[in-house]
Amino acid sequence: MILKNIKLIILLIMPVWLFSQSIVNTVHNLSVSGPGQIKATTETEICIFCHTPHNSKPLSPLWNRNDPGLNYTLYNSTTTQATIGQPDGASILCLSCHDGTIALGNVLSRQADIDFSMGITTMPPGNTNLTTDLANDHPVSFVYNSSLAAADGELVDPVNLVWPVMLENDKLQCTTCHDPHKNTYTDFLVVTSKYSELCTQCHEKNYWISSSHRNSIATWNGSGNNPWFHTPYTSVSENACENCHNPHNAGLDQRLLNFPVEENNCLDCHNGNVASKNIQVQLNKPYSHNVYNYNLIHDAAESALVLTKHVECEDCHNPHAARNLSASAPNVRGANVGTIGINLNGSDVDPVQYEYEICFRCHADSPDKPASPTSRQIEQNNVRLEFDIGNPSFHPVAGPGTNPDCPSLISPLTESSMIYCTDCHASDGASSPAGPHGSVYPHILKFNYTTADYTPESYQAYELCYQCHDRNVIIGGGNNFQERVHKKHIVGEDAPCNACHDPHGISNTQGNSTNNTHLINFDINIVHPTGMGQLYFQDLGSFSGRCTLRCHGRNHRRKSY
């Protein structure tokens, strides 16, 4: 009687949460009393589906099931340093149910399989059935030690792991993340996945602490697909890693992305339904960085120099780093923080410091770089060489320009100002997101820039130029050199800006400071050599120069301005 009273007292003083965490109240209770849909028809024992006190497998903890005895397809990635082996330890025990090959009622302590309701035998199809293909699941059964953490560079040293996240004999197993007896959090997780608290027990991604994907409180507006179909959470910050990743049965094997098409992992939110700016509508414009044209070509481990032509969101954005952070040219802005690129010397940089270093990945030394849209007197498709600060002239992307006197600049611009590539190449429209996603204008220009000959001058025709250069100064017709010469050609002759000026710059390996100042590099479809075969401009000093060429059917022989 005394013993019974002691037991009663103990039960009364035990906290309620201990009972709520019992396996009895979880779907791992496969007995007839279990709360889930998958359960036995008559079996009343609870632990029997995994354990037996006698004649168990020679595996702890008193295992009551056979091993699947299979070879599994394993996770593989170009960015993992771990040596991933066939499942062992606790993981192979879990798979004796969760690979769907052995009947749930097939236990060693029963001569016949335990019957299950609804005619269920093995684990039904769904997220809990991992199948024998583990390529789309978080890897298990690999040694996770200090050497691996150091080689990866973005893993927590396992000596710093804290309970309840634990390794088994120095290996990461299913039980590192899951406790099969307690479902305090969803999916039997040992730590909540909210705010990716569980992920960050091991993963220590660079830049993550300040990133928008960790901190944004944006929520889904209810339109289109639910971007968080596999989680119970409702904001970007709450989903964190799982905005893009799914640890089990992921849509794309490498890096366990939600969807097999890379851009869908971004556009599921960046379509105006979660993120405030609709990138998807920009990408559908006539001229775009067309991410839809490529699939599974981009690789997170690829070199900074793009060797095989492609464009994906991750080429310009690091999703672990991107944040809302302003900057001034040429410094990289928040949306592009943490990306790799090519610097002015043609060397890899990681991370980039300047925005143009991202553009140089594809538009500089890449063998598949796009060709120049204009046939020039001096041909150059490498924009790194065009923007070199040692050039005779260049738009001030990588450094202030060479012209000390440019009266057409609109305040606050001065001759010492610098600009971004994306000041010219960006989505059109006043409310469009920054960056060259898509435009109605060729070459993904933010504003119209007409290059055809015999174009009547108007603000709309050269709207791009007139964002920085005062139209009244350019075509004013006064005594100023710029006004006289530009009005004569642009207004009087209907010649486009592009006929004479190369908007990027002229490489010092091809041009010089006599013939190629002021971005002079003729469009040879409009400007031709004279009958004597001569075609050149000469800089004669401040606001002075002369041309020898044939244009609009007339020869200019040392024509001075």
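Computed from point charges on the beta carbon alone (+1 for Lys and Arg, -1 for Asp and Glu), the dipole magnitude for the chain about its Cα centre is near 940 Debye.
Taking amide H positions as modeled 1.01 Å from N, with prolines and chain starts lacking one, the residues under 5 Å from His51 and 5 or more places away or on another chain are Asn64. Helix by helix, which DSSP H runs in the chain go 15 Å or more along their axis at the Cα atoms and have an average Kyte-Doolittle hydropathy of -1.0 or more? Membrane-span-like by this criterion, though nothing is claimed about a membrane: 2-13.
So if each residue of separation counts as 0.36 nm, and I subtract the Cα-Cα distance between Ser458 and Val143, what length gain in nm does that give?
On the way: separation 315, 0.36 × 315 = 113.40 nm, distance 6.79 nm.
Gain in length upon complete extension: 106.6 nm.
What does the highest-first list of 350-360, 73-83 look like by mean Cβ count within 10 Å? Could the numbers behind the result be given before it?
On the way: 350-360: 21.9, 73-83: 14.6.
My ranking of the peptides, most packed first, is 350-360, 73-83.
Does segment 232-320 come out rounded, prolate or oblate, given a ≥ b ≥ c as the square roots of the eigenvalues of its C-alpha gyration tensor, rounded meaning a/c under 1.5 and, failing that, prolate meaning a/b above b/c? The shape class here is oblate.
Of the cross-linked pairs Lys285/Lys487; Lys205/Lys446; Lys39/Lys182; Lys277/Lys446, which ones have a Cα-Cα span greater than 26 Å in the structure shown? Show your work: numbers first, answer last.
On the way: Lys285/Lys487 34 Å; Lys205/Lys446 34 Å; Lys39/Lys182 18 Å; Lys277/Lys446 16 Å.
Exceeds cut-off: Lys285/Lys487; Lys205/Lys446.
Put simply, when 385-397, 156-168 are sorted by average Cβ atoms within 10 angstrom per residue, most first, you get 385-397, 156-168. Modelled label positions at Gln534 and Asp187, each set 7 Å beyond Cα in the direction of Cβ, lie 7.6 nm from each other. As a proxy for reagent exposure, Val291, Val143 were ordered by neighbouring Cβ count within 10 angstrom, fewest first; the result is Val143, Val291.
Going by neighbour counts of Cβ atoms within 10 Å, the residues Trp220, Trp228 line up, fewest first, as Trp220, Trp228. In terms of surrounding Cβ atoms within a 10 Å radius of their Cβ, Leu155, Leu93 rank from fewest to most as Leu155, Leu93.
Remark: segment 112-200 carries a charge dipole of roughly 180 debye about the Cα centre, counting +1 on each Lys and Arg Cβ and -1 on each Asp and Glu Cβ. Charge dipole of segment 324-426 (Cα centre as origin; +1 on each Lys and Arg Cβ, -1 on each Asp and Glu Cβ, all else neutral): 140 debye, rounded to the nearest 20. Over the chain, dividing the summed -39,500 (n - 2.57) contributions of all DSSP H runs of at least 4 residues by the number of residues returns a 222 nm mean residue ellipticity of -3000 deg cm²/dmol.
No lab work stands behind these numbers, since they all come straight from the coordinates. Quick caveat: nothing in here was measured; it's all calculated off a predicted structure. Note: ideal-geometry Cβ built from the backbone for every residue, glycine included; neighbour counts use all protein chains shown.
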